[in-house]
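The values are calculated or read from the model by the stated rules, or taken from the named source; none is laboratory data. Nothing here was measured: the structure is a model prediction, and the numbers come from that model. Note that each Cβ is placed from the backbone with ideal geometry, even for glycine, and that neighbours are counted across all protein chains shown. Calculation scope for accessible area: heavy atoms of the full protein, side chains included, ligands and nucleic acids excluded. Shrake-Rupley method; radii C 1.70, N 1.55, O 1.52, S 1.80 Å.
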Amino acid sequence: MNEMRESPENVGIWAIFTGVRQQEIITSHGTRLDVRPDPQTGKVATILSTDVFGSIRSLAAFRLTKDYAIVGSDSGRIIILDYDPKTSSFVKLHQETLGKSGERRIVPGQYLAVDPKGPSVMISAMEKSKLVYILNRDAAANLTISSPLEAHKNGAIIHHIVGLDVGFENPTFAALEVDYTESDQDPTGEAFKNAEKMLTMNWILANLLLQVPGGQLASSDRFDGPSGVLVCCEDHIIYRHMDAPQHHVLIPRRKHPLDNRDRGMVIVSAVMHKTKGAFFFLVQNEDGDLFKVTIEHEDEEVKSLKIKYFDTVPVASSLCILKSGFLFVASEFLNDYFYPFQKLGDDDEEPEFSPTSYRSFGMADPTAPLPNEYFRPRPLEILHLLTSLNLEESVSSDLPGIPNAVWTTKKREDDAYDSYIILSFVNGTLVLSIGETIEEVRDTGFLSSARTLAVQQIGTDALLQVHPEGIRHSPSGKTIVNAATNKRQVVVALSSAELVYFELDQEGQLNEYQDRKAMGSTVLALSIAEVPEGRQRTPFLAVGCEDRTVRVISLDPESTLETISLQALTAPPSSIYIAEMLDASINKSQPTLFVNIGLQNGVLLRTVLDPTNGQLTDTRTRFLGTRPVKLIHVQIQRSPAFLALSSRSWLNYTHQNLMYFKPLIFESFDFAWSFSAELSPEGITGSTLRIFQIPKLGTQLKQDSIPLSYTPRKFIAHGNYFYMVEGDHREDAGEKKLAELRQQGKKIDQEVIDLPVEVFGRPPKAPAGTWGSAIRVIDPVKAETVAYIPLDSNEAAFSLAVVPFLVRGGELHLGFLRTYKFTDEGRGLELLHKTETDDVPLALLAFQGRLVAGVGKALRIYDIGKKLLRKVENKIFASPIITLNTQGSRIIVGEMPESVSFVAYKAPENRLLVFADDSQSRWVSAVAIVDYTVAIGDRFGNIIVNRLDTKESDQTKMVAHFHVGDLIPSIRKVAMVAGGREILLYTGLHGTVGILVPFVSKEDVDFISTLEQHLRTEQSSLVGRDQLSWRGYYTPVKAVVDGDLCETFARLPGSKKSAI
């Protein structure tokens, strides 16, 4: 089961699925599709995330009276999807088979191209195969798809395809291909060498095609554009059209003193945006620089092609420009980014480059490249980044005392934001006004000399305060002990165990019901739901009493204050909240009415309240903490939710039509209330006056990011700190080269050198064979670096281990054949010595007071002295050793393509003996010891569990296999909570975090396996991939149940759930 999904996007598209002129963004994450609404305010929420149980290769949108999505995948089918906003789900309209399943070179699905004005789409493979489908509607307005038209070409490798904008003429497509026929038929290899030489001599190495608008407007004689394509080549962009001259412009380069002038520059992503009467392109190079490309034209004649530097953003796999004025960046290795446009870069002083000064627009001699053009990178402030955190704290302020409750309220019913914060203390009430600042006010009409029990904006423009002495006045000798309110109703409980009911009439007057309800036991909690839209009142009141019961009381005029139903409890109630919340697992069409009951023993009960007869059914319990539970109504993303406060704070909310109950990773609260102001439209205030918001509900785990200098290679935990090695190839700070340039008297632009790395990236790449590497000591509690040790002499660190060498009396050292000693209680490192090896040490491990190292293809044991002394080695391994684990005197060795081997260390003989290995080769990337079994993660996204048979100890037996679809760099056996069951936790290269949970009983295995079998039948893959084939991509699934598939049970219709 995946707790965190892959984060990098393969591709992102926008479309209008809902038909209300609001754009939605669909992003592909390899095995998952996400739908996000158009960010009108800059805050984007994922409204749908669905696992397709397949590999998404391409994604495109097309319009035929409305927008649809076309998906190319590894299923060997072309899929057309529609998004249904009512059920928040994808609907599969068509599924046409076009080849075998799997990611094959000649099976179409790698590229998609859509004709912008005609209902046709081309789907292409990486080699040879191209198919064209015609899309249309039948008499019943249903989408239809034709039989495919073949456009195959033998001996062609396809790099990109695009649909040309030719107006309403016959659909035309362009393909970027390389013909390898001669090279394939020449067994000597000379044809291939000649072709490679020709490509090297010819600077036109293309990789991307961009569609140029064209065709005539239906309402006038004016043309949208000149049609044709932009061909993105290395260092160049060329405009091509079958019936027009070519135009060629050079891609500007950064004017950086460390730039390698011979390094080619490639466009990696691009987007075209049309405005009224104009259009432009944004193209991005591999450094993240954005360039604005414009075409001056008269009707269909191109006058000039222009390019200028626009801004710099993280390198994207896909770019989308939305009509609301935002740029969406689907980053390849980072998070998503949204940038609002401040301007379009037309009126700045940035130089613009055009080929009009060259003969034949730069195409006089196609083999002669144009001279380089340069720009000076600087923050242009054309785009502003919008970011959000898991929990944003807006305000934090100390108070004069310890409040026991807090509320926020509006002055009038139609106010957009809250006007007051009311804080209740033991002997008084403090009222704060919300504006540009938050300050105390005294002229609000609230009684400040008594503590407040409830606050409610009631009617059109009135405020209500309930205090112990009454609402206005209470009978002498009786005090109010509890209260519940909504916009039209008020219920108070007196110390005499009586209920008093008030209701707002049509004139806005608050009237008391003539009778009072005697409960017979002290009232501890009250709750009434919000008034339903179009109704005058809510019909139910929930009352929790000291006799360990909760009673549902009618507020209907015909049976006011009559008891309808009763629920017995295991402990006295401390809080009650009636909520109407949508949960698609119970009812997809309308919200369900829940009675949530918090008990004094820290248990929460959730009961369904029947809206017709008021009966309580389907009670579920959950332990929240050691303190009595308080329930507070809040609003999250315009939907009702509630906080449950105990020794830990929990949030119950609806996300993507399903209900979730999650703990907040924050300090515990005493009281809270919903808060709405311009600086925080959906915040929550805590009892120490903290104002915070939770903008990302889909995030299952809290993340703290620590910036690094290079790519992290490995890290380990020791004591209170993390120790990490990081390194990158062709990375160099360039200080030596800068010093040489200064000595030569050359002028250095220091502003360019000092540009922020997090925005503009690291300096230009160093020559091949140059490494940058460092050791970093991290304090995980404070999320900060406490020590940073760069490595010199062009060294790169790949592995590390903490080794307590016995000959040093248990003194700890950090070794990767540079041996370090801990200093300052682990906060620092002191270099003791370096030991040369004849190969790269990719794996290190502490073993019986010594160091065991995988040095290339050799397994060695070292001890410490003036240098690391080699004691024993074994050189029979066929491939480099990349993982090491130990169990007693055994060493489990993971080889790069040869799976795992079991090695025993014979101390008396001082020998390393291989006594067992895997019978099947695997590209190992991570290994964890379970017991007599080992869990293996490989480079193809598989998790394998092998067991060493005690009777036949010369080979291992595979006992479990499962395909997760992401490269596994790490797998560990851990217990997530103290005393909890141990699980296998794995992480993926693309951001996946998943767990494998062992079953403890045969009943659980039978139940979940049966559920999985039913769901395979009822829940088909959106991309037409068989779930069992996907999870068994390379080897059939064995002894693992797909938790992601089982989670889809909650989204099934009620009839299918009942059938299962």
Seminar exercise, completed: Condition set part of a loop (DSSP other than H, G, I, E, B) and open to solvent by 70 Å² or more (accessible area, probe 1.4 Å), scope the stretch 141-174, selection nearest to R57 (Cα to Cα): answer is H152
Exercise. In the stretch 863-920, how many residues are among the acidic types (D, E), open to solvent by 20 Å² or more (accessible area, probe 1.4 Å) and over 41 Å from the mean Cα position of the chain (by Cα)?
Worked result: 2
Problem set entry | Those residues of the stretch 52-96 which are in a strand (DSSP E or B), under 22 Å from the mean Cα position of the chain (by Cα) and hydroxyl-bearing (S, T, Y), in sequence order | S58, S73, Y83, S89
For this session: Among the residues of the stretch 937-984, write down those that are outside any strand (DSSP E or B) and touching a residue at least 60 places away in the same chain (Cβ under 8 Å).
Result: F940, G941, V964, G965, D966
Exercise. In contact with a strand residue (DSSP E or B) (Cβ under 9 Å, 6 or more places away or on another chain), assigned to a loop (DSSP other than H, G, I, E, B), surrounded by 17 or more Cβ atoms within 10 Å (Cβ to Cβ) and not hydrophobic (A, V, I, L, M, F, W, C) - does that describe any residue in the stretch 544-555?
Worked result: yes
Exercise. Given L389, L432, which one is aliphatic (A, V, I, L, M) and modelled with pLDDT under 85?
Worked result: L389
Exercise. Pairs under 9 Å by beta carbon, first residue over 25 Å from A846 (Cβ atoms) in the stretch 702-722, partner outside any strand (DSSP E or B) and open to solvent by 90 Å² or more (accessible area, probe 1.4 Å), six or more apart or different chains?
Worked result: K702/I665; P707/E758
Problem set entry | Matching strands (runs of 3 or more DSSP E) fully within the stretch 826-870 where at least 1 residues are more than 20 Å from A907 (Cβ to Cβ) | 828-834, 841-847, 850-855
Seminar exercise, completed: Residue hits (the stretch 1005-1029; surrounded by 13 or more Cβ atoms within 10 Å (Cβ to Cβ), outside any loop (DSSP other than H, G, I, E, B) and among the charged types (D, E, K, R)) are E1012, R1016, E1018
Problem set entry | Single match in G941, G979 (criterion: open to solvent by less than 50 Å² (accessible area, probe 1.4 Å) and not hydrophobic (A, V, I, L, M, F, W, C)) | G941
Seminar exercise, completed: Note: among T444, T429, T452, just one is over 41 Å from the mean Cα position of the chain (by Cα) and in contact (Cβ under 8 Å) with a residue 40 or more places away in the chain, namely T452
Exercise. Aliphatic (A, V, I, L, M), at pLDDT 85 or above and closer than 28 Å to N601 by Cα, is that true of L643?
Worked result: yes
Exercise. Does any residue in the stretch 264-279 that is closer than 23 Å to K765 by Cα come within less than 6 Å, Cβ to Cβ, of a residue that is not in a strand (DSSP E or B) six or more places away or on a different chain, and which pairs are these?
Worked result: G264/E234; G264/D235; M265/D235; M265/I251; V266/E234; V266/E286; V268/E286
Problem set entry | Count of residues meeting criterion [under 26 Å from the mean Cα position of the chain (by Cα) and open to solvent by less than 10 Å² (accessible area, probe 1.4 Å)] in the stretch 264-293 | 9
For this session: Go over the candidates D443, D418, D461 one by one and state the one that is acidic (D, E) and open to solvent by less than 30 Å² (accessible area, probe 1.4 Å).
Result: D418
Exercise. Which condition breaks for R648 when tested against (1) surrounded by fewer than 20 Cβ atoms within 10 Å (Cβ to Cβ); (2) under 27 Å from G1054 (Cα atoms)?
Worked result: (2)
Exercise. Among E533, E503, which is open to solvent by 20 Å² or more (accessible area, probe 1.4 Å), within 25 Å of P611 (Cβ to Cβ) and in a strand (DSSP E or B)?
Worked result: E503
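Okay, residues lined up against (1) of a type outside the set (S, T, Y); (2) open to solvent by 60 Å² or more (accessible area, probe 1.4 Å); (3) within 26 Å of Q703 (Cα to Cα); (4) modelled with pLDDT of 90 or more:
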site: H961; (1), (2), (3), (4): yes, no, no, yes
site: L985; (1), (2), (3), (4): yes, no, yes, yes
site: E1003; (1), (2), (3), (4): yes, yes, no, yes
site: S1055; (1), (2), (3), (4): no, yes, no, no
